[in-house]
Amino acid sequence: MEAEASFPVVIGVDSFGDVTKDAAGRPHGHPENLRTLVEEGVAAERAGLDFFGLGEHHIEEMPLSAPDLVLTAVAARTSRIRLGSAVTVLSSDDPVRVFQRYATLDALSQGRAEVILGRGSSKESFPLFGFDLADYERLFEERLELFAALRTERPVTWSGTTRAALPGLQVFPRTASGALPTWVGVGGSPASVVRAARYGFNLMLGAIGGNPARLARLTELFRRSTAEAGYGPRPIGLHSPGHVAATDEQASEEYWPYYESFMLEARRERGFPPITRAYYEHERAYGSLYVGSPATVARRIVRTMRVLGATRFDLKYGMGPMPHAHLMENIRLFGTEVAPRVRAEFASGATRQPDAPTGADSRTADSRTADS
């Protein structure tokens with residue numbers, strides 16, 4: 001399926017704020033790590049990318065608990081790149097405050113802010129802010145409904161069970177556009193896709209495992225559900241991890257040890273299947289890992305965007321404590337060499353057939369995403 005022609009192609013990067021290493025292999029302290037994120041955001045604009053996002057996390061290895069503050073620092077040093085969350089865990093936050101924070105970022109960045117809302121598969125924020133995981137579904141449903149009302153920037157009358165009611169109150173500040181760009185991050189749940197469509201939000205699909213072509217059923221469902229809800233076409237994006245280096249071999253070798261370590265830990269915590277080098281290489285070739293040279297990564301991104309009808313791709317760069325220098329080079333290559341190739345493919349109208357999955361590992365179908 002071709003991408004929707006009415007939406008521009010958007011190529012961005014995002015980070016979960018993983019604690020990185022310096023040139024000597026020493027982990028950065030949390031304050032320094034947050035400052036390096038600002039440098040990465042500035043580098044993303046310098047490389048010509050369209051979007052820089054930061055995903056909320058509350059753990060020692062990812063101390064990114066206030067992405068909007070970091071994005072405000074990036075906004076002060078940039079002028080063009082769009083800035084947003086990737087994702088904001090709405091279930092354990094206050095929708096009024098989320099709207100106010102990102103409307104403020106929108107003002108300070110002169111209209112460059114957006115927000116991606118999700119439930120979050122990392123649950124640390126729930127006990128931290130006093131929420132019961134038994135209310136996981138209800139919290140997100142109610143708060144997404146409230147956020148949709150807030151986004152109209154009109155007085156809001158709302159009541160629910162997870163927050164105090166709003167009796168016709170106006171929330172400030174307003175945005176210059178009058179409609180803060182809002183996406184809902186979805187892993188693989190059809191119900192989440194339908195819910196995003198019902199409120200007229202954009203769809204961001206998160207995938208870190210399995211052949212991404214399987215998500216085509218969700219993009220079709222989103223288009224159909226959006227039309228049934230009475231909205232015009234909405235943009236669809238994809239978020240997946242990856243790493244770009246000068247050659248396929250260099251990218252693979254740089255990324256593998258950090259990917260292996262991360263997935264082994266995830267296996268212990270979430271019951272993921274065993275991770276082997278063969279699995280990793282299969283994911284690089286056919287799955288949801290975009291690891292390779294600029295030409296390889298661009299080719300795979302184009303293939304995926306075409307089969308899903310997506311017009312946006314955000315690369316989750318970095319994995320665990322990768323050296324900051326690797327991340328900066330990744331951003332440079334992704335912006336200066338990958339993004340132009342992708343844009344040129346869509347501008348030329350060239351078509352390619354998606355790779356078909358092969359081998360036993362193609363059965364992998366979980367998205368393993370930090371979104372809803």
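Would you be able to say whether some residue in region 289-306 is of a type in the set (K, R), more than 22 Å from V9 (Cα to Cα) and surrounded by fewer than 23 Cβ atoms within 10 Å (Cβ to Cβ)?
Keep residues of region 289-306 that are of a type in the set (K, R), which gives 299-300, 303, 306.
Checking the rest, the ones that are also more than 22 Å from V9 (Cα to Cα) come to none.
Checked region 289-306: no residue is of a type in the set (K, R), more than 22 Å from V9 (Cα to Cα) and surrounded by fewer than 23 Cβ atoms within 10 Å (Cβ to Cβ).
Looking at region 98-122 only, could you name the residues that are in a loop (DSSP other than H, G, I, E, B) and either open to solvent by less than 40 Å² (accessible area, probe 1.4 Å) or in contact with a Phe, Trp or Tyr (Cβ under 8 Å, 6 or more places away or on another chain) (or both)? Break it down into steps so the answer makes sense when it comes.
The initial filter retains those residues of region 98-122 that are in a loop (DSSP other than H, G, I, E, B), namely 109-112, 119-122.
Hits for region 98-122 are S109, G111, R112, R119, G120, S121, S122.
Confirm whether A134 is among the aliphatic types (A, V, I, L, M), modelled with pLDDT of 95 or more, over 23 Å from the mean Cα position of the chain (by Cα) and surrounded by fewer than 11 Cβ atoms within 10 Å (Cβ to Cβ).
On the way: among the aliphatic types (A, V, I, L, M): yes; modelled with pLDDT of 95 or more: no; over 23 Å from the mean Cα position of the chain (by Cα): yes; surrounded by fewer than 11 Cβ atoms within 10 Å (Cβ to Cβ): yes.
For A134, the condition - among the aliphatic types (A, V, I, L, M), modelled with pLDDT of 95 or more, over 23 Å from the mean Cα position of the chain (by Cα) and surrounded by fewer than 11 Cβ atoms within 10 Å (Cβ to Cβ) - is not met.
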> Could you list, in sequence order, the residues of region 1-49 that are over 15 Å from R77 (Cα atoms) and of a type in the set (D, E)?
Replying inline: E2, E4, D14, D18, D22, E32
> in contact with a Lys or Arg (Cβ under 8 Å, 6 or more places away or on another chain) and in a loop (DSSP other than H, G, I, E, B) - does that describe any residue in region 32-50?
Replying inline: yes
>> Considering only residues that are assigned to a helix (DSSP H, G or I), in contact (Cβ under 8 Å) with a residue 12 or more places away in the chain and not polar (S, T, N, Q), which ones fall in region 244-253?
In response: D248, A251
>> Here is a check on your reading of the model: is E153 in contact with a strand residue (DSSP E or B) (Cβ under 9 Å, 6 or more places away or on another chain), acidic (D, E) and open to solvent by less than 60 Å² (accessible area, probe 1.4 Å)?
In response: no
> Does any residue of region 116-125 turn out to be closer than 23 Å to H57 by Cβ, of a type in the set (K, R) and in contact (Cβ under 8 Å) with a residue 40 or more places away in the chain?
Replying inline: yes
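Conditions (1) among the small types (G, A, S); (2) more than 14 Å from S288 (Cα to Cα); (3) part of a helix (DSSP H, G or I), marked per residue:
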| position | (1), (2), (3) |
| --- | --- |
| G209 | yes, no, no |
| F222 | no, yes, yes |
| S225 | yes, yes, yes |
| G230 | yes, yes, no |
| P233 | no, yes, no |
| G242 | yes, no, no |
| P257 | no, yes, yes |
| E260 | no, yes, yes |
> Hey, among S6, S91, S85, which residue is among the hydroxyl-bearing types (S, T, Y), in contact with a Phe, Trp or Tyr (Cβ under 6 Å, 6 or more places away or on another chain), under 27 Å from T219 (Cα atoms) and touching a residue at least 12 places away in the same chain (Cβ under 8 Å)?
Replying inline: S91
> What number of residues in region 252-264 are within 23 Å of I11 (Cβ to Cβ) and touching a helix residue (DSSP H, G or I) at 6+ places or on another chain (Cβ under 8 Å)?
Replying inline: 3
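Just to be sure I understand, how many residues within region 269-314 are assigned to a loop (DSSP other than H, G, I, E, B) and either within 13 Å of V338 (Cα to Cα) or charged (D, E, K, R) (or both)?
Residues that pass the stated criteria total 1.
Is it the case that Y231 is within 23 Å of V9 (Cβ to Cβ), in contact with a Pro (Cβ under 8 Å, 6 or more places away or on another chain) and not β-branched (V, I, T)? Please lay out each step first, then the result.
Values: within 23 Å of V9 (Cβ to Cβ): yes; in contact with a Pro (Cβ under 8 Å, 6 or more places away or on another chain): no; not β-branched (V, I, T): yes.
In short, no.
Might you check whether a residue that is open to solvent by less than 40 Å² (accessible area, probe 1.4 Å), closer than 13 Å to L238 by Cβ, at pLDDT 95 or above and over 17 Å from the mean Cα position of the chain (by Cα) occurs anywhere in region 329-342?
In the first step, residues of region 329-342 are kept if they are open to solvent by less than 40 Å² (accessible area, probe 1.4 Å); the result is 330-331, 333-335, 338-339, 342.
Narrowing further to those that are closer than 13 Å to L238 by Cβ: 342.
From what's left, at pLDDT 95 or above: 342.
Narrowing the set further to residues that are over 17 Å from the mean Cα position of the chain (by Cα) leaves 342.
Checked against the condition, which is being open to solvent by less than 40 Å² (accessible area, probe 1.4 Å), closer than 13 Å to L238 by Cβ, at pLDDT 95 or above and over 17 Å from the mean Cα position of the chain (by Cα), region 329-342 yields at least one hit.
Which ones in region 85-97 are touching a helix residue (DSSP H, G or I) at 6+ places or on another chain (Cβ under 7 Å) and crowded, with 24+ Cβ neighbours inside 10 Å?
First, the residues of region 85-97 that are touching a helix residue (DSSP H, G or I) at 6+ places or on another chain (Cβ under 7 Å): 85, 88-92, 95-96.
Residues satisfying the conditions are S85, T88, V89, L90, S91, S92, P95.
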> What number of residues within region 39-57 satisfy the criterion of being farther than 20 Å from P241 by Cβ and buried (at least 19 other Cβ atoms within 10 Å of the Cβ)?
Replying inline: 1
>> For the list (1) of a type outside the set (A, V, I, L, M, F, W, C); (2) over 19 Å from the mean Cα position of the chain (by Cα); (3) modelled with pLDDT under 95; (4) open to solvent by less than 10 Å² (accessible area, probe 1.4 Å), I need the number of the one condition that E269 fails.
In response: (4)
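The values are calculated or read from the model by the stated rules, or taken from the named source; none is laboratory data. As the structure is a computational prediction, the values presented were derived from the model and not from experiment. Reconstructed Cβ throughout: ideal geometry from the backbone, glycine too, with neighbour counts over all protein chains shown. Please note that ligands, DNA and RNA were not included when accessible areas were found on the heavy atoms of the full protein model with its side chains. Shrake-Rupley method; radii C 1.70, N 1.55, O 1.52, S 1.80 Å.
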